Amino acid sequence: MKKKIYFFFLLISSIITNAQVYNQQVAEYIKQVESPYNFLNKFEQLGIKMSGTSGIDSTYLWLNKISKNLGYNPIINKFKNGGDSLVNIELLKKGDNDSCILVCAHYDSWVGKGVNDNGTGCFAIYQLSKLMKSLKTKYSIRFIYFSGEELGYKGSYHYVSKIKTNNIKVKYMINLDQLGGTVGENNHKVYCERDNKTSMKNESMKLTTAISNCISLYTNITPEIGEAYLSDYIPFIDSAYVISGLYQYATYPYNHTADDLLKNVELNSLKEIVKGALTSLLFLSDADNSDLSLNKETHKEINVYLSENGMCFKDLEGYNYEIIDMLGKVLKKGNISENYQIIPIKSMHNRICIIHLNKGLKYYSKKIFLHY
Ligand SMILES: [Zn+2]
């Protein structure tokens, strides 16, 4: 019998994903993300947030106040919409480096009170700005609550012209718009959105992949890569910034209606997605893990690779392994009992897998594409 020869090609993800290893300290830290209920309940009480309403003014004052309570000194950017004055609120968290990551969500609404669109994104900004505040990071972070999104990205266009004038260095722009699930729907997925059209599309894909990997590693939500459209990243895409965004996967039939209310927003998936956004920001801003008040672990070169006979584990004796597909299904698991061990994986060909390794409190993870 002629033996069939299998060719395996191992594509270890690029540097940006390769550095993402599961870290127990991060997993503990993100447990501080709070329940969204109180924030969204208040957001709903503030009323309709269209240009010219008292609701949008009260929402601005409230976001300004709760940001001050976190210790920020909000930067207020005013701009005009016809006769109305609208306001972007910006919170600067300084890093070692001037280059900054923008994390943005709009707070204006259309027709309704906008609990999902976009109280949920505002909740994420509030939690992220709270939990990143005291950490030491390499990159600076600017958290922005935009106004005028529903009028055609007015706040974000205004902001882009401001950063150009002031020569603010932007590494990434991450947009958070509609992150809640929908009550009664299947809410186990989130879209990670990338720019797939412009000269920055490769950079945008790398950024989006990094965010999607963080969500896979630390939450029970499954990321799905999608395309950026109809939100505040558009002015940034137009000006060749590197963008990404998160957007809920489940359809939400109530947006831009009077029924965009707390009772229709699923809160558990929102909390999980905010945890995923927080891990992404810890990773992208290069936060110092020692600040997470647990021991810093050194990154280990993970000796996992493919051969003709299967998946090879080298110098990993004593580790437990799990081979997981992108839907989170465990395809194979076991214990590594030898210094050089091969696990047959022929039945798992042609798919992307994540290998989790753990021994005591040490966790590592590696994403591998299997082709043959
Ligand atoms: Zn929106």
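Miscellaneous remarks
- Residue 125 being part of a helix (DSSP H, G or I), touching a Leu at 6+ places or on another chain (Cβ under 7 Å) and crowded, with 20+ Cβ neighbours inside 10 Å: yes
- Single condition residue 247 does not satisfy, out of (1) modelled with pLDDT of 95 or more; (2) away from the ligand (no atom under 16 Å from the Cβ); (3) closer than 19 Å to residue 115 by Cα: (2)
- Restricting region 218-238 to residues that are closer than 14 Å to residue 203 by Cβ and in contact with a Lys or Arg (Cβ under 8 Å, 6 or more places away or on another chain), the residue that is nearest to the ligand (Cβ to nearest atom) is 228.
- Any hit, region 151-162, residues being touching a Phe, Trp or Tyr at 6+ places or on another chain (Cβ under 6 Å), within 16 Å of the ligand (Cβ to nearest atom) and not in a strand (DSSP E or B): yes
- Residue check for residue 119: over 23 Å from residue 65 (Cα atoms), in the same structural domain as residue 257 (by TED's automatic domain parsing) and within 13 Å of the ligand (Cβ to nearest atom): no
- Residue in region 295-315 that is under 30 Å from residue 24 (Cβ atoms) and modelled with pLDDT of 95 or more present: no
- Among the residues of region 163-195, those identified as assigned to a loop (DSSP other than H, G, I, E, B) and over 24 Å from residue 79 (Cβ atoms) are 179, 180, 183, 184, 185, 186, 187, 188, 195.
- Annotation: residue 173 fulfils all but one of (1) under 24 Å from residue 138 (Cα atoms); (2) away from the ligand (no atom under 16 Å from the Cβ); the unmet one is (2).
- Considering residues of region 176-217 that are touching a helix residue (DSSP H, G or I) at 6+ places or on another chain (Cβ under 7 Å) and within 19 Å of residue 140 (Cα to Cα) only, the residue farthest from the ligand (Cβ to nearest atom): 210
- Qualifying residue in region 331-341 (condition: β-branched (Val, Ile, Thr) and surrounded by 12 or more Cβ atoms within 10 Å (Cβ to Cβ)): yes
- Residue in region 57-74 that is away from the ligand (no atom under 15 Å from the Cβ), more than 24 Å from residue 160 (Cβ to Cβ) and surrounded by 21 or more Cβ atoms within 10 Å (Cβ to Cβ) present: no
- Residues in region 262-276 include none that are in a loop (DSSP other than H, G, I, E, B), farther than 27 Å from residue 158 by Cβ and more than 16 Å from the ligand (Cβ to nearest atom).
- Residues of region 130-150 include at least one that is assigned to a loop (DSSP other than H, G, I, E, B) and either within 13 Å of the ligand (Cβ to nearest atom) or at pLDDT 95 or above (or both).
- Total residues in region 219-236, condition crowded, with 24+ Cβ neighbours inside 10 Å and assigned to a helix (DSSP H, G or I): 1
The values are calculated or read from the model by the stated rules, or taken from the named source; none is laboratory data. Source: prediction; values computed, not measured. Counting neighbours? That spans all protein chains shown, and the Cβs are built from the backbone with ideal geometry, glycine included.
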